[in-house]
Amino acid sequence: MHDSAVDALVQALRCLPGVGQKSAQRMAYHLLQHDRTGALRLAEALGTAMADVRHCERCHTFSSEPLCLICQDDSRDHEQLCVVETPADLAAMERTGSYRGQYFVLLGRLSPLDGHGVKDIGLQTLMQRVADPQLKEVVLATSFTAEGEVTAQAITESLRARGLRVTRLARGVPVGSELEYVDLGTIAHAFMDRR
């Protein structure tokens, strides 16, 4: 029989992606037995993040300021806007070092079966963002899953009338993959060969 506080910790850790009962239990026991200092740091960091982190008012990535550091950076190319599905995808693009433009994070992708439509992914806000007269190109960096492809197609159709160049990451990114899990060299190569 376990202590209810230990059980509560194990169940809380299970909310993480890919963490099942056994992994959560191992993590909880490790933190309690071998790394209480690390556990306290983790608890403090989680508390701070929950209290302070929100979405950037301009691009929708995570930020503790109204505008994220990328949106605040005047040296970024204001003629390019890269559209990604999640803040994790934005981070993956940034790690490649191959893109110096602006971003827009959709916070999801179209998925009619899951009830995620155009309004749920922020397409209306994206259309307002592309009204910027400096903007010349929109780079679609949605995943190459069926939902990511449908999302890219919907965005392309919405942007056709605006006279913007719309490009898509090249197929160097494996079909069916999530951008945040693709190796950085493949992402960089796909970006350079976009069409």
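Values quoted throughout were computed directly from the atomic coordinates according to the rules given, and no laboratory measurement underlies them. If you're wondering where the values come from, they're calculated on a predicted model, not measured in any experiment. Every residue, glycine as well, gets a Cβ built from its backbone with ideal geometry; the counts of neighbours run over all protein chains shown.
Entry note, the chain: the mean residue ellipticity at 222 nm calculated from DSSP H runs of n ≥ 4, each adding -39500 (n - 2.57), is -13000 deg cm²/dmol after division by the residues and rounding to the nearest 500. Here the label points at Val6 and Leu184, each 7 Å from Cα along the C-beta direction, are separated by 4.0 nm in the simple model.
When only C-alpha pairs under 8 Å and at least 6 residues apart count, what is the relative contact order of the range 1-106, in percent? Answer for the range 1-106 is 17 percent. The distance between label points at Arg14 and Asp193 comes to 4.4 nm (points 7 Å beyond Cα on the Cα→Cβ vector). Judged by the mean number of other Cβ atoms found within 10 Å, the most tightly packed of the peptides 21-34, 177-190 leads the ranking 177-190, 21-34.
The angle between the Cα long axis of helix 4-13 and the main principal axis of the chain comes to about 20°, on a 0 to 90 degree scale. Within the shell of other residues whose beta carbon sits under 12 angstrom from the beta carbon of Arg58, the net charge comes to -2, with Lys and Arg scored +1 and Asp and Glu -1. Ser98 to Leu40: extension gain in nm, 0.36 nm per residue of separation minus the Cα-Cα distance? Length difference between fully extended and current span is 17.2 nm.
Computed from the Cα positions only, the extents of the range 50-156 along the three principal axes stand at 39, 37, 27 Å, in decreasing order.
With a Förster radius of 25 Å applied to the C-beta separation of Leu32 and His55, the computed FRET efficiency comes to 0.15. For the peptides 48-55, 70-77, 162-169, 137-144, the ranking by packing is 137-144, 162-169, 70-77, 48-55, with the highest mean count of neighbouring Cβ atoms within 10 Å listed first. What would the Debye formula give as log10 I(q)/I(0) at q = 0.12, 0.17 Å⁻¹ for the alpha-carbon point model of the range 99-195, no solvent? So the normalised log intensities work out to -0.38, -0.77. One equal scatterer on each Cα of the chain, no solvent, Debye formula: the resulting log10 I(q)/I(0) at q = 0.15, 0.16, 0.19 Å⁻¹ is -0.97, -1.05, -1.28.
Antiparallel beta bridges, as assigned by DSSP with both residues in the range 1-151, represent about 25 percent of the total such bridges.
Placing unit charges on the Cβ atoms only, positive for Lys and Arg and negative for Asp and Glu, gives the chain a dipole magnitude near 340 debye about its Cα centre.
Normalised by the number of residues in the chain, the average gap of Cα pairs under 8 Å and 6 or more apart makes the relative contact order 16 percent.
For Leu16, the shell of other residues with beta-carbons less than 14 Å away shows a net charge of +3, using +1 for Lys and Arg and -1 for Asp and Glu.
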